[in-house]
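S.K.: Take a look at the following structure, please.
Values quoted throughout were computed directly from the atomic coordinates according to the rules given, and no laboratory measurement underlies them. Owing to the predicted nature of the structure, the values given are computational and were not obtained by experimental measurement. Heads up, the Cβs are rebuilt from the backbone with ideal geometry, glycines too, and the neighbour counts pull from every protein chain shown.
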Amino acid sequence: PSALRTEDGRQQVTITGEDAHHLGRVLRAQPGDRIKATDGRGNLYEVVLTVVTPETVRGDVLAVGPDQAEPALKITLFQSILKGEKMDWVLQKGTEIGITAFVPFLSARTIARPAPNQYAKKQERWQNIVTAAAKQSGRGLIPKVYPVTPWSAVPSMLAGQFTLVAWEGETTCSLRQALSQREQPTAVQLVIGPEGGFSPEEVAVLVAQGALSVSLGPRILRAETAGPLAAGLLLFHYGA
Ligand code: SAM
């Protein structure tokens, strides 16, 4: 919702669009009903409804506070673009699990290569999937989907940040070992390859600038499994 303070000091929220339609038409909310609403930026409002139409729902704020559903650990998933529904799956499950942002990128072995004139449309579609998943799972923040990013831009986006690159060829460092060496971070950048995996050179570029190459175990995971699983393990490990 959008929130504003009225002249008599009350804080009011206004809900429009699909959410108003859902409340007014589908759920048949009534004035006097109490709801919880989030502004998608991490704030949770407890609201008593005053006006309900299918176009606009308005209410008085009873309480506002930080949304407790948001993890303290901010995970950004750099995901090499996957074919068809696999990418949708990663975005939907990753949002439910608690990922904060997604960077879809193109690496040497990426199979799914949208035409450049489709990038904006793809981003919009992916953002819609994430927004729906965030609402469904009660997230207080709508994770951001970044534009399709060429590999050449990825290393500089990760420079100086705590970065884990999941590489099935990693034989010495497990995710558990990498995390045990590190005090609780506030943010983690997680990098997952495409169906054909990363080239050794791509991993080497990231490792040379300080990323940790990690194994997610002795079994090769499907590309769409690796990101959501690693994100779940990170949140479990740090209790965030
Ligand atoms: N060919 C399968 C597919 O089509 O889904 C497997 C793809 S696997 C090579 C894709 C990505 O998942 C890898 O680039 C890596 O980031 C991650 N991954 C999968 N299994 C892994 C493991 N055991 N350890 C670390 N990363 C792994």
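S.K.: Tabulate in residue order the Karplus-calculated ³J(HN,Hα) for the stretch 214-225, using 6.51 cos²θ - 1.76 cosθ + 1.60 with θ = phi - 60°, rounded to whole Hz; enter x for Gly and Pro.
M.R.: 10, 9, 9, x, x, 9, 7, 8, 4, 4, 7, 8
S.K.: Scan around residue 213 for amide H atoms under 5 Å from its own, H built in the peptide plane at 1.01 Å from N, and keep only partners 5 or more places away or cross-chain.
M.R.: Under 5 Å from the amide H of residue 213: 165.
S.K.: Where q = 0.11, 0.13 Å⁻¹, what log10 of I(q)/I(0) comes from the Debye formula for the stretch 18-140, counting one point per Cα?
M.R.: -0.50, -0.65
S.K.: Using θ = phi - 60° and the Karplus relation 6.51 cos²θ - 1.76 cosθ + 1.60, list the HN-Hα couplings for the stretch 28-40 in order, rounded to whole Hz, with x at every Gly or Pro.
M.R.: Whole-Hz 3J(HN,Hα) from phi for the stretch 28-40: 6, 4, 10, x, x, 5, 9, 10, 10, 9, 10, 8, x.
S.K.: Suppose we take every Cα in the chain and form the convex hull; what volume per residue is that in Å³?
M.R.: Output value, Cα hull per residue: 147 Å³.
S.K.: Let me know the charge dipole size of the stretch 132-237 about its Cα centre in debye, to the nearest 20, where only the beta-carbon of Lys, Arg (+1) and Asp, Glu (-1) is charged. Let's see the in-between values first.
M.R.: On the way: 7 positive and 7 negative charges, 95 e Å.
With only Lys, Arg, Asp and Glu charged at Cβ, the dipole is about 460 debye.
S.K.: Using the number of other C-beta atoms within 10 angstrom as an exposure proxy, rank 202, 183, 18 with the fewest first.
M.R.: 183, 18, 202
S.K.: Report, in debye and to the nearest 20, how large the dipole of the chain comes out about its Cα centre when Lys and Arg carry +1 and Asp and Glu carry -1 on their Cβ.
M.R.: Here the chain has a charge dipole of around 300 debye.
S.K.: Okay, moving on. For the Cα atoms of the chain, what angle does the longest principal axis make with the long axis of helix 85-97, in degrees from 0 to 90, nearest 10?
M.R.: The angle comes out at about 60 degrees.
S.K.: Let me make sure I get this right: for the stretch 146-191, a, b and c are the square roots of the gyration tensor eigenvalues over alpha carbons, sorted descending. Under 1.5 in a/c it's rounded, otherwise prolate if a/b > b/c, else oblate. Which is it?
M.R.: Oblate, because a/c is 1.5 or more while a/b does not exceed b/c.
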